[in-house]
Amino acid sequence: QQQVKQSPQSLIVQKGGISIINCAYENTAFDYFPWYQQFPGKGPALLIAIRPDVSEKKEGRFTISFNKSAKQFSLHIMDSQPGDSATYFCAASLPPSGAGSYQLTFGKGTKLSVIP
Amino acid sequence: NAGVTQTPKFRILKIGQSMTLQCTQDMNHNYMYWYRQDPGMGLKLIYYSVGAGITDKGEVPNGYNVSRSTTEDFPLRLELAAPSQTSVYFCASSYSTYYSGGAREQYFGPGTRLTVT
């Protein structure tokens, strides 16, 4: 059972445009929602994260919008640049129980291509 | 700080062979993780550890084993390699305590690309 559904699978955006990637989750116990960016041949790296007590978080050109009632969150990349071309993963985490870790459940990823 | 390092970068195994993927972090993180990444499938958790001597299964543990004898090292062992284990393997680490406000950023290594034929 996939707990975090991500769309689209791939996205092509013109330079200067807005890139939007969407994720939906099922488990209302999730309490942390990060986005990771991965360049070819590299490991994922944290881009931005949000908790469900806020509806929006902005860091530079990157914004997470969070809709708790709809169980959806999205990443917006403003003024997209060719250097933003990468694969983006949304994820969600439960708070730990006992000695459990903050495990991340990842979406399947979106390959973003920003063309000049 | 080197962060999270993984060796080897690439490896080709024959069916039935065994190998150990090495992972080391120098950030004094208490949590460590192993993921596998298959095309179009995201990252799936294989095993994780909340500290030296403590490990637990993730979503896809079958065919793998781990140990955590030190804070820094978290090797992943493949026994009797199968073609289904062809994947890119990532090790990650994070630091969290009950009082850290749930800081949960995971730092990933560069990955090991494994092919089993």
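The values are calculated or read from the model by the stated rules, or taken from the named source; none is laboratory data. This one's a predicted model, so the numbers in the text were calculated from it and none came from an experiment. Cβ atoms come from the backbone with ideal geometry, glycine included; neighbour counts cover every protein chain shown. SASA here: full protein model, heavy atoms, side chains in, ligands and nucleic acids out. Shrake-Rupley method; radii C 1.70, N 1.55, O 1.52, S 1.80 Å.
So, in the range A:47-69, of the ones that are within 25 Å of A:Q81 (Cα to Cα) and basic (K, R), which residue ends up nearest to the other protein chains (Cβ to nearest Cβ)?
So, considering only residues that are within 25 Å of A:Q81 (Cα to Cα) and basic (K, R), the one nearest to the other protein chains (Cβ to nearest Cβ) is A:K57.
Looking only at the range A:36-57, count how many residues are among the polar types (S, T, N, Q) and surrounded by fewer than 16 Cβ atoms within 10 Å (Cβ to Cβ).
Counting residues in the range A:36-57 that are among the polar types (S, T, N, Q) and surrounded by fewer than 16 Cβ atoms within 10 Å (Cβ to Cβ) gives 1.
What single numbered condition from (1) within 11 Å of another protein chain (Cβ to nearest Cβ); (2) open to solvent by 20 Å² or more (accessible area, probe 1.4 Å); (3) within 21 Å of A:Q103 (Cα to Cα) fails to hold for B:K9?
Checking B:K9 against (1) within 11 Å of another protein chain (Cβ to nearest Cβ); (2) open to solvent by 20 Å² or more (accessible area, probe 1.4 Å); (3) within 21 Å of A:Q103 (Cα to Cα), the one that fails is (3).
Mind listing just one residue for me: the one in the range A:23-46 that is more than 21 Å from A:I115 (Cβ to Cβ), assigned to a strand (DSSP E or B) and touching a Leu at 6+ places or on another chain (Cβ under 9 Å) and, of those, nearest to the other protein chains (Cβ to nearest Cβ)?
Looking at residues that are more than 21 Å from A:I115 (Cβ to Cβ), assigned to a strand (DSSP E or B) and touching a Leu at 6+ places or on another chain (Cβ under 9 Å), I get A:Y32.
Go through the range B:36-49 and give me each residue that's buried (at least 21 other Cβ atoms within 10 Å of the Cβ) and within 13 Å of B:Q85 (Cβ to Cβ).
B:R36, B:Q37, B:I46, listed by residue number.
Just checking, which of A:T63, A:T87, A:T105 is assigned to a strand (DSSP E or B), without any contact (Cβ under 8 Å) to a residue 40 or more places away in the chain and within 13 Å of the chain's Cα centre (by Cα)?
A:T63
May I ask you to say which residue of B:T117, B:T86, B:T20, B:T70 is in contact with a helix residue (DSSP H, G or I) (Cβ under 9 Å, 6 or more places away or on another chain), open to solvent by 40 Å² or more (accessible area, probe 1.4 Å) and more than 10 Å from every other protein chain (Cβ to nearest Cβ)?
It is B:T117.
Quick check on my filter: what residues within the range B:30-55 are free of Cβ contacts under 8 Å to residues at least 40 places away in the same chain, at the interface with another protein chain (Cβ under 9 Å from one of its Cβ atoms) and hydroxyl-bearing (S, T, Y)?
B:Y48, B:S49
For residues that are more than 20 Å from A:L94 (Cβ to Cβ) and either of a type in the set (K, R) or at pLDDT below 95 (or both), scanning just the range A:58-74, find the one that is surrounded by the fewest Cβ atoms within 10 Å (Cβ to Cβ).
A:K58
Would you please list the contacts, defined by Cβ atoms under 8 Å and residues six or more apart or on different chains, that run from a residue in the range B:56-68 that is on the phi < 0 side of the Ramachandran plot to a residue that is open to solvent by 80 Å² or more (accessible area, probe 1.4 Å) and not in a loop (DSSP other than H, G, I, E, B)?
Pairs that qualify, where the first residue is on the phi < 0 side of the Ramachandran plot and the partner is open to solvent by 80 Å² or more (accessible area, probe 1.4 Å) and not in a loop (DSSP other than H, G, I, E, B), are B:Y64/B:R77; B:N65/B:R77; B:V66/B:R77; B:S67/B:R77; B:R68/B:I54.
Mind checking which residues of the range A:4-22 are in a loop (DSSP other than H, G, I, E, B) and more than 14 Å from every other protein chain (Cβ to nearest Cβ)?
Once the filter is applied, which keeps residues that are in a loop (DSSP other than H, G, I, E, B) and more than 14 Å from every other protein chain (Cβ to nearest Cβ), the range A:4-22 yields A:K15, A:G16, A:G17, A:I18.
Among the candidates B:V88, B:V60, which residue alone is in a loop (DSSP other than H, G, I, E, B) and within 12 Å of B:Y35 (Cα to Cα)?
Only one candidate passes the filter, namely B:V60.
Out of (1) modelled with pLDDT of 95 or more; (2) open to solvent by 60 Å² or more (accessible area, probe 1.4 Å); (3) within 19 Å of A:L11 (Cα to Cα), what's the single condition that is false for A:P116?
(1)
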